[in-house]
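Input: a single structure, listed below in structure tokens.
The values are calculated or read from the model by the stated rules, or taken from the named source; none is laboratory data. Note that this is a predicted model, so its numbers are computed, not measured. Positions of Cβ are generated from backbone atoms using ideal geometry, with glycine treated the same way; all protein chains shown enter the neighbour counts. Protein only, heavy atoms only, side chains kept; ligands, DNA and RNA dropped before computing areas. Shrake-Rupley method; radii C 1.70, N 1.55, O 1.52, S 1.80 Å.
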Amino acid sequence: MATCPNCGKQVSEKDELCPDCGYRLIDTKTVEATKPVETSAPVKDIPKELQKYLYEDEVVEAQFELKDCFVYATNHRLFIFRGYMHVSSVEYRIQDLRYKHVSSVEYGLKKYYSLIVGGLILILFSFLMNNLLPKMPSDLMILLVFVGVLLVIVGLIYKKERLLIHVVGLKPVEIEGSRKNLDSLMKIIRVKP
């Protein structure tokens with residue numbers, strides 16, 4: 001058994017991808033043998049971190065700058081870059097998803113039930129406090145009810161648009177972004193074999 005250098009989980013030495021985080025498991029000999037590829041794709045500014053993973057026949061066909069990540073779609077797979085800011089540097093987590101391993105793609109809306117529940121609790125709390133403390137200022141009760149109703153309304157209206165990419169052997173990969181970008185990305189994934 002080997003250890004994934006990205007997440008530290010135990011992986012089989014035969015695995016090409018880490019089953020937990022999707023990190024491409026390759027030894028240093030393979031990295032040295034695979035030279036960076038200059039691509040003639042319409043995508044500009046391909047990061048050096050990505051170029052070292054491209055195969056010689058691989059072309060970056062599309063790039064998406066989404067809310068929480070950058071996605072690069074090649075003719076063979078997707079690369080998802082998630083950046084993390086540290087005090088002295090920026091660190092990336094790269095997920096390498098081959099199209100043949102994608103079992104399904106799901107578009108959905110993520111609702112904020114916690115805001116709805118919090119608003120209802122605040123409204124209930126204000127009425128409970130009004131009954132227990134008869135001298136409670138009516139302005140305070142009105143304010144608490146108003147804030148509670150506002151939280152419920154925001155929870156019902158505000159939704160995050162997301163794409164869930166289900167990959168064999170991995171947890172679903174969640175990507176947030178605009179409807180237009182997510183639709184384009186979904187079309188690319190569905191067209192590939």
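List of remarks:
- Probe 1.4 Å, all protein chains present, accessible-area order of PHE70, PHE64, PHE125, largest first: PHE125, PHE70, PHE64
- Nitroxide proxy distance, nm - points 7 Å out along Cα→Cβ at LEU156 and SER184: 3.5
- Of LYS100/LYS187; LYS52/LYS160; LYS52/LYS110; LYS9/LYS160, pairs whose Cα-Cα distance is over 25 Å: LYS52/LYS160; LYS52/LYS110; LYS9/LYS160
- Karplus-derived 3J(HN,Hα) values for segment 139-144, using 6.51 cos²θ - 1.76 cosθ + 1.60 with θ = phi - 60°, are 4, 5, 5, 4, 5, 4 Hz; glycine and proline are entered as x.
- Surface calculation, 1.4 Å probe, protein heavy atoms: TYR107 sits at approximately 60 Å² accessible.
- Peptide ranges 176-184, 129-137 listed from the most packed, as the mean C-beta count within 10 angstrom indicates: 176-184, 129-137
- Overall Cα dimensions of segment 74-158 - principal axes, largest extent first, Å: 69, 38, 17
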